[in-house]
1. Looking at A:SER167, A:SER143, which is the one that is more than 30 Å from B:PHE179 (Cα to Cα), among the small types (Gly, Ala, Ser), touching a Ser or Thr at 6+ places or on another chain (Cβ under 6 Å) and surrounded by fewer than 24 Cβ atoms within 10 Å (Cβ to Cβ)?
2. Is one or more of the residues making up the stretch B:89-96 in a loop (DSSP other than H, G, I, E, B), surrounded by fewer than 19 Cβ atoms within 10 Å (Cβ to Cβ) and not small (Gly, Ala, Ser)?
3. Which number in (1) modelled with pLDDT of 95 or more; (2) in contact with a helix residue (DSSP H, G or I) (Cβ under 7 Å, 6 or more places away or on another chain); (3) within 12 Å of another protein chain (Cβ to nearest Cβ); (4) buried (at least 22 other Cβ atoms within 10 Å of the Cβ) marks the one condition that B:TYR382 misses?
4. Every residue in the stretch B:143-175 that is open to solvent by less than 10 Å² (accessible area, probe 1.4 Å) and either of a type outside the set (A, V, I, L, M, F, W, C) or within 14 Å of chain A (Cβ to nearest Cβ) (or both), please.
5. Restricting the search to the stretch B:38-74, which residues are part of a strand (DSSP E or B), surrounded by fewer than 21 Cβ atoms within 10 Å (Cβ to Cβ) and in contact with a Leu (Cβ under 9 Å, 6 or more places away or on another chain)?
6. Considering only residues that are within 14 Å of another protein chain (Cβ to nearest Cβ), touching a Lys or Arg at 6+ places or on another chain (Cβ under 8 Å) and more than 15 Å from B:GLY338 (Cα to Cα), which ones fall in the stretch B:290-317?
7. Take B:LYS3 and decide whether it is under 29 Å from B:ALA184 (Cβ atoms), in contact with a strand residue (DSSP E or B) (Cβ under 6 Å, 6 or more places away or on another chain), at pLDDT below 90 and open to solvent by 70 Å² or more (accessible area, probe 1.4 Å).
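The values are calculated or read from the model by the stated rules, or taken from the named source; none is laboratory data. Not measured: the values here are computed from a predicted model. Every residue, glycine among them, receives a Cβ derived from its backbone with ideal geometry; neighbour counts consider all protein chains shown. Side chains included, ligands, DNA and RNA excluded: accessible areas come from the protein's heavy atoms. Shrake-Rupley method; radii C 1.70, N 1.55, O 1.52, S 1.80 Å.
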Amino acid sequence: MSILANRDTRVVIIGGVAGLNAARRMAQFDFLVNRPLTVQAFVYPPEEGQQKEIYRGGELKNVPVYSSLEEALAENPGINTALIYIGASRAYAAAKEALEASNIKLVSMITEGVPEKDAKRLRKLANANGKLFNGPSSIGIMSAGECRLGVIGGEFKNLKLCNLYRSGSFGVITKSGGLSNEAMWLCAQNGNGITTAVAIGGDAYPGTDFVTYLEMFENDPETKAVVIVGEVGGTLEEEAAEWLAAEKRRIKLIAAIGGTCQEVLPQGMKFGHAGAKEGKKGLGSARSKMNSLREAGALVPDTFGGLSNCIKQIYEELLADGSIKPEPEIDEALLPELPPKVQEIMKQGEVIVEPLIRTTISDDRGEEPRYVGYAASQLCEKGYGIEDVICLLWNKKLPSREESEIIKRIIMISADHGPAVSGAFGAIIGACAGIDLPQAVSAGMTMIGPRFGGAVTNAGKYFKYGVKEFPNDIPGFLAWMKQNVGPVPGIGHRVKSLKNPDKRVKYLVDYVKNHTSLHTPCLDYALDVEKITTSKKDNLILNVDGTMGCILVDLEFPEQSLNGFFVLARTIGMIGHWIDQTSQSSKLIRLYDYLINYAVKEEREVPEKK
Amino acid sequence: MAKILEGPAMKLFNKWGIPVPNYVVIMDPNRLEQLGEANKWLRESKLVVKAHEAIGGRFKLGLVKLGLNLQEAVAASREMIGREIGTAVIRQVIVAEMLDHDEEYYLCINGNRDGAEVLLSNRGGVDIEENWGTVRRLFIPIDESPSIERLTEFASEAGFSGEIAERVGKIVSRLVLCFDNEDAQSIEINPLVIRKSDMRFAALDAVMNVDYDARFRHADWDFKPVSEIGRPFTEAEQQIMEIDGRIKGSVKFVEVPGGEIALLTAGGGASVFYSDAVVARGGTIANYAEYSGDPPDWAVEALTETICSLPNIKHIIVGGAIANFTDVKATFNGIINGFRESKSKGYLENVKIWVRRGGPNENQGLAAIRKLHDEGFDIHVYDRSMPMTDIVDLALNS
């Protein structure tokens, strides 16, 4: 048996993410004691219509979110309890509405920092309506083996350690939330566990008091003794003492009271819960509470640590006089265990999951990303640059100093080529249309293809093919290309020619061949090809795509990575164009009519639709 | 509980029609001279100058000066402003009219569980304690306001008569309104004075506590509550308060000079019991500390470092109950880092550390902190099977 919450308790949680978290903890308890889901509904207008996913053991449940309590109760007539998890400024209205709803008998509030006046009014309203208002600042209510309201009891393992899967003989009432959990543990460690534990909250004016629940425990035959944890301030503990002394009580009372340290603290220094703010000597002081409880017949240890022995003593007395029989220990192995997450059982090697993807370049599971095993920060520290990271992520090896210098120069030299080319122009049109950076740059990026910047890969690929299949036979290679591919990728330029050479190409070729020790079979081959093609036509020069492709092949980059260099380099330029245009607040671009040849039909009549 | 200074209290009294003497709050003594030109009362009345800061025992510290004329008041403010008292600096003074009066009364309202109680006596002033028997009490249930007739009758019960009873009844009704509408927790006016020649009343001195949690519905609350620990906050306390103000969960810290046992305890309830256990076993606490509500590890680390730097400590009690949702592993991570950092700065020499804790991820948290032993810390770690405050006994017996 229990008080306040039992197997028939059904809950609506008023509040957002904290409430959802509580509902998940509550579902773990539901699973432990094999009861249906306690939480039936949420009320939280911002998330109206959503379904919250809650696991009861391995079973996935969906709990609806309503915008009003009225609606939640109309659709879930079994609800008889409300938990308030909403902020302090809205908690009063939410609790008031719940206390006024006919089905709801108990409202428990976890919200902290609720104005005292609001708490007083709610208490008065609850009393007038014959209901209970528990809290504010209450961690919740736990009825062993029956029902959990809130996160009281902590993690799943603790629920078992505290014997919360079955009822014991001790009731618990505390002001503090943390100590409710501690007290439940003490009752399991030194006795046979709890019937119900209630945290009434540490505010100055809680909605309920010790006596409210002592009366209930007195009427619950399963509860043989009650542990209360009180503290300095207010008179709730004195009232409990009065209650105990007033007549012969069936239950035994054990009480720990906090705050005696205030006797020796400097004048005016007070701390702890909001309610623990008054009384140094006399009524309200911890000493007065301890004395009146002792005089009334309660067992009161002088420190909290002494609570263990008090509980043990009472438990042994209860066993001795036959009020309770020793319960056989339940083998923990027989208790259900929360289904583990896949990661946990994989770790234990009990299940094999086929990976969905495989990576060979990068791992960020540690404290920082590692590129092919090297920590990013160490690369920085040891003087490596972005070109080395490109090599690692694209080619999985660290380049030599010379190689990385070549890569750096390739990127520098192809970072931008003015606003007129397809990529930059695309990005500029996008910027002028007011679109954001990633979209505008993507617009430019979509231009990269066979006619613009996209020839690097194919140039590298076919020149490499030529080196391999047609060494010393350039005419044979050109004939094969003509037959199987078409124009040679990397050869030819729209405006540049032998007479008007591309300075970038000349620079790159000169740098690589005359200032580095790189072995350049592919580049040499392409230059030989150029000699023949330019003899046919002046502008069939080795262009920048072709030059890059060959050098990168000579650097042993994978073929399919080669376009990446153009994409990467030009991204820098396109971002620049976007920033440039937006910082000038450029206007929307529209083509002038005179730039368009309207080669369309004359104006004519639309025929009737047949 | 939030005590507010006289200035804001007077402002609220004015708002609700409780008579107050003329007053100004100033930061610059020159401003008082200018105000003197604008306000007749400053030129013609006897004045009182008080430091407008949360400092106890102001009278003894010479921070209250009575019976001054304007020039003397300017001189007194010049002398007070900028003075340093402990860690506090006096930045403001309140200058009020010292009303010549014939009688002093006592009027107070205190919140209680079911509403509030009004206390009234016609024998107020400094001797109120001696005349406590004359105090009459009236209970006012929450959300009810007694009629003027009832309050006048109440005043009569307290020994007032005729027009004065009526006027006192009216002042009580305004006090109740002020209490109710300003989310007050207590207001004590002592003395409430009367000058019978023109039947002028004034609340000469008052202490008001408001419920600072209710500030969300008081747009005109432009004050901060004053220190609740009976003295100004120290720098370390202010630092922790500043962290507390911007995190989920909370960290709290109060220094108690001269103590030998430092507390690094979790939870509002448990931390008080740890302090009690130290005192019960004859020890002296060096501080009060509390972290709760699953605060981030860096906040706990800052709290740890603050505690490690307390002077002359012999033990640190890393105590706590079995947490409901505060992650032991994560918060202990902060504590461990704090200990290491403090040790590298030369703290924790000859300091014994005692640990007892339970809650989410307790095994990992306890195992991690236990490893500090290998790094040369004098640390003793216990799990939930150790009764909560018994590590205090172990520390004091060691």
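1. Values: A:SER143 fails: surrounded by fewer than 24 Cβ atoms within 10 Å (Cβ to Cβ).
Result of the check over A:SER167, A:SER143: A:SER167.
2. Within the stretch B:89-96, the first condition is being in a loop (DSSP other than H, G, I, E, B), and the residues that meet it are B:90-92.
Remaining after also requiring surrounded by fewer than 19 Cβ atoms within 10 Å (Cβ to Cβ): B:91-92.
Next, only the ones that are not small (Gly, Ala, Ser) stay: B:91-92.
For the stretch B:89-96, residues in a loop (DSSP other than H, G, I, E, B), surrounded by fewer than 19 Cβ atoms within 10 Å (Cβ to Cβ) and not small (Gly, Ala, Ser): present.
3. Exception for B:TYR382: condition (4).
4. Across the stretch B:143-175, the qualifying residue is only B:GLY169.
5. Here is the first cut: in the stretch B:38-74, the ones part of a strand (DSSP E or B) are B:47-51, B:64-68.
Retained after the next criterion (residues that are surrounded by fewer than 21 Cβ atoms within 10 Å (Cβ to Cβ)): B:64, B:66-68.
Hits for the stretch B:38-74 are B:LEU66, B:GLY67, B:LEU68.
6. Passing the criteria: B:GLU290, B:GLY293, B:ASP294.
7. Details: under 29 Å from B:ALA184 (Cβ atoms): yes; in contact with a strand residue (DSSP E or B) (Cβ under 6 Å, 6 or more places away or on another chain): yes; at pLDDT below 90: yes; open to solvent by 70 Å² or more (accessible area, probe 1.4 Å): yes.
Considered against the rule, which asks whether it is under 29 Å from B:ALA184 (Cβ atoms), in contact with a strand residue (DSSP E or B) (Cβ under 6 Å, 6 or more places away or on another chain), at pLDDT below 90 and open to solvent by 70 Å² or more (accessible area, probe 1.4 Å), B:LYS3 comes out as yes.
Residues checked against (1) more than 21 Å from B:THR326 (Cα to Cα); (2) among the hydrophobic types (A, V, I, L, M, F, W, C):
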position: B:ILE243; (1), (2): no, yes
position: B:PHE253; (1), (2): no, yes
position: B:GLY269; (1), (2): no, no
position: B:ALA280; (1), (2): yes, yes
position: B:GLU290; (1), (2): no, no
position: B:ASP297; (1), (2): no, no
